[in-house]
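The values are calculated or read from the model by the stated rules, or taken from the named source; none is laboratory data. In this text the structure is predicted, and so the values were computed from the model without any measurement. Heads up, the Cβs are rebuilt from the backbone with ideal geometry, glycines too, and the neighbour counts pull from every protein chain shown. Heavy atoms of the whole protein, side chains included, go into the accessibility calculation; ligands, DNA and RNA do not. Shrake-Rupley method; radii C 1.70, N 1.55, O 1.52, S 1.80 Å.
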Amino acid sequence: MQSRLYLDHAATTPMTAGAIAAVARGQGMWANPSSPHAEGRAARAALEEARAAIAAAYGWRYETLLTSGASESLEIALGRSLVERRIVSAVEHDAAIRAGGLALSAAVKADGVIDLDALSAAVSGAPALVCLQWCNSETGVRQPIAAAGRIVHAAGGLLLVDAAQMPASGELAEHADFVALSAHKRGGPPGIGALLVRDFATLRPTGGQERGYRPGTENLPAALGYAAALAEPEPDHSALRARLDDAIRRSGGIVVGEQAARHPAIGSYRLPGLAATAQLIRFDLAGIAVSAGSACASGSMKPSHVLRAMGWSEEETREVVRVSFGRGTTGEDVDRFIAAWRDVARHARRLAA
């Protein structure tokens with residue numbers, strides 16, 4: 001009997017061996033990092049070492065707040081930035097849309113990439129905090145962060161980047177004012193993330209821990225696990241995703257956002273004529289775990305707001321599944337999924353006939 005094949009790493013990916021060991025080490029340092037005694041000071045030193053390592057992995061030379069994850073980081077930046085206006089792209093994660101409240105929505109083009117002309121017009125009225133994903137968690141489509149940052153900054157605004165799906169990289173250090181990060185997408189433990197902040201003067205404090213910007217006892221074991229995970233390199237899955245893209249096209253499927261730059265480990269695919277819910281059941285019976293949309297929305301019956309913003313009909317959005325790779329994904333794994341996809345596609349054609 002074949003073992004289960006997990007291809008939903010964009011939802012969460014297994015902790016690395018280094019992260020597991022680091023969490024165990026942190027659990028052995030049983031002291032509050034805010035306590036003034038020797039044990040507390042030792043815990044504080046370990047916490048600051050982890051904070052510095054997380055920042056260094058992203059080439060960040062400014063401030064780093066440890067949070068419970070990307071959703072909280074987005075909520076802090078969108079809720080407490082001192083710039084009054086909010087603009088959130090139409091394809092942002094549900095967490096950003098909720099945190100943005102009555103934020104203006106910035107349109108995207110048919111390929112899922114933000115319309116830079118529309119963004120320029122939106123920020124022209126007054127300075128704004130603009131929230132934009134590095135990469136969409138449903139489609140894998142990447143946004144032109146550098147170009148968007150130039151537009152936002154020229155208008156006197158600030159750029160918040162949701163980089164939950166971003167590998168450790170210094171790409172954002174020159175363009176973003178805030179960066180929301182999540183450990184469990186990168187092989188770290190759940191319940192820990194970070195908000196990278198260029199200048200604390202742009203963010204309203206609330207008191208408590210984390211320089212007065214987030215109350216609550218610091219999660220030392222998780223912080224150590226996050227730092228350890230970021231130290232472990234991630235493979236380039238571009239060739240594997242290209243192989244999958246090609247097989248999907250040849251089997252009658254549609255590659256979502258194929259004309260745009262995309263995350264090398266995330267692919268989103270439509271199988272015309274068969275609902276995603278039915279596809280997921282068939283893949284699960286074949287021992288393969290994939291998802292429909294982002295993890296936070298895959299259990300919802302609502303059509304994907306991301307695909308709707310790209311111009312897809314409600315019916316079309318309900319025929320899309322997401323496949324995402326992790327550190328251990330192999331060519332054999334992709335071939336196994338391709339074989340399963342072809343079986344499901346044949347089933348769809350029989351239903352249509």
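If R0 is 35 Å, what FRET efficiency do you get for S3 and R80 from their C-beta distance, rounded to 0.05?
Details: r = 46 Å, r/R0 = 1.31.
For S3 and R80, the calculated efficiency is 0.15.
Roughly how many debye, to the nearest 20, is the charge dipole of region 128-219 about its Cα centre, given +1 on each Lys and Arg Cβ, -1 on each Asp and Glu Cβ, and no other charges? Please list the in-between numbers first.
Numbers: 8 positive and 8 negative charges, 9 e Å.
Here region 128-219 has a charge dipole of around 40 debye.
Under 10 Å, Cα contacts only: if you run a Gaussian network model on the chain, which one of E171, E332, E84 comes out with the highest mean-square fluctuation?
E332
Could you work out the local net charge near G59, counting Lys and Arg as +1, Asp and Glu as -1, over the other residues with Cβ closer than 12 Å to its Cβ?
Here the charged neighbours net out to -1.
Taking the chain as a Gaussian network, where each spring joins two C-alpha atoms under 10 Å apart, which residue of L129, L181, L102 fluctuates the most?
Greatest mean-square fluctuation among the candidates belongs to L102.
Tell me which DSSP H helices of the chain clear both cut-offs, 20 Å or more of axial length from alpha-carbon atoms and a mean Kyte-Doolittle hydropathy of at least 0.0.
38-57
With n ≥ 4 as the cut-off for DSSP H runs, can you work out [θ] at 222 nm for the chain, using -39500 (n - 2.57) per run divided by the number of residues, rounded to the nearest 500? List each step's numbers first, then the result.
Values: 12 runs with 132 residues, N = 353.
Taken over the chain, the calculation gives -11500 deg cm²/dmol.
For region 173-287, rounded, prolate or oblate, judged on the Cα gyration tensor with a ≥ b ≥ c (square roots of eigenvalues), a/c < 1.5 rounded, else prolate if a/b > b/c? The partial results should precede the final answer.
Numbers: a/c = 2.48, a/b = 2.15, b/c = 1.15.
Judged from the Cα gyration tensor, region 173-287 comes out prolate (a/c at least 1.5, a/b above b/c).
Does region 241-330 come out rounded, prolate or oblate, given a ≥ b ≥ c as the square roots of the eigenvalues of its C-alpha gyration tensor, rounded meaning a/c under 1.5 and, failing that, prolate meaning a/b above b/c?
Details: a/c = 1.37, a/b = 1.14, b/c = 1.20.
Judged from the Cα gyration tensor, region 241-330 comes out rounded (a/c under 1.5).
Provide the per residue accessible area, probe 1.4 Å, for region 167-217, rounded to a whole number of square angstrom. Could the numbers behind the result be given before it?
Values: 1810 Å² over 51 residues.
Value for region 167-217: 36 Å² per residue.
Nearest 0.05, what FRET efficiency do A289 and R243 give at R0 = 22 Å with Cβ-Cβ as r? Intermediate results must be reported in sequence, preceding the final value.
Working: r = 19 Å, r/R0 = 0.88.
Step by step, r from the Cβ atoms, then E = 0.70.
Can you work out the base-10 log of I(q)/I(0) for region 1-107 at q = 0.10 1/Å, using the Debye formula on its C-alpha atoms alone?
-0.49
Pulled fully out, how much extra length does the chain show between S313 and D199, if you take 0.36 nm times their separation in residues and subtract their Cα-Cα distance?
Working: separation 114, 0.36 × 114 = 41.04 nm, distance 4.18 nm.
Going from the current span to full extension adds 36.9 nm.
Of the heavy-atom accessible surface of region 121-205 (probe 1.4 angstrom), what whole percent is carbon and sulfur? Each step should come with its number before you reach the end.
Details: 1300 of 2280 Å².
Summing carbon and sulfur atoms, their accessible area is 57 percent of the total for region 121-205.
For A110 paired with R282, estimate the spin-label separation in nm (one decimal), with each label point 7 Å from Cα along the Cα-to-Cβ line.
Using points 7 Å along Cα→Cβ, the separation is 2.7 nm.
Between Y62 and R41, how many nm apart are label points set 7 Å from Cα along the C-beta direction?
3.3
With a cut-off of 8 Å between alpha carbons and a minimum separation of six or more residues, what is the relative contact order of the chain in percent? Don't skip to the end; give the middle numbers.
Numbers: 730 pairs, mean separation 83.8, N = 353.
Relative contact order, the chain: 24 percent.
Have a look at H37, H153, H237 and tell me which one the Gaussian network model of the chain (Cα, springs below 10 Å) gives the largest fluctuation.
Result for the chain, Cα springs under 10 Å: H37 fluctuates most.
Residues in region 76-119, backbone N under 19 Å from the label point at A147 (7 Å along the Cα-to-beta-carbon vector): list them, ranges by number please.
88-92, 106-119
For the chain, give the share of DSSP beta bridges that are antiparallel, in percent and rounded to the nearest 5; count only bridges with both residues there.
On the way: 22 of 40 bridges.
The antiparallel proportion sits near 55 percent.
How large is the Kirkwood hydrodynamic radius of the chain, counting all unique pairs of alpha carbons, in Å? Intermediate results must be reported in sequence, preceding the final value.
Numbers: mean 1/r = 0.0475 Å⁻¹.
Averaging 1/r across every pair of different Cα atoms and inverting gives 21.1 Å.
With r defined as the distance between the Cβ atoms of T206 and A353 and R0 fixed at 51 Å, what FRET efficiency is calculated, to the nearest 0.05? Walk me through the intermediate numbers first.
Details: r = 61 Å, r/R0 = 1.20.
With R0 = 51 Å, the Cβ-Cβ based efficiency is 0.25.
Shape of region 87-243 from its Cα gyration tensor (a ≥ b ≥ c, root eigenvalues): rounded if a/c is under 1.5, otherwise prolate when a/b > b/c, or oblate?
Judged from the Cα gyration tensor, region 87-243 comes out oblate (a/c at least 1.5, b/c at or above a/b).
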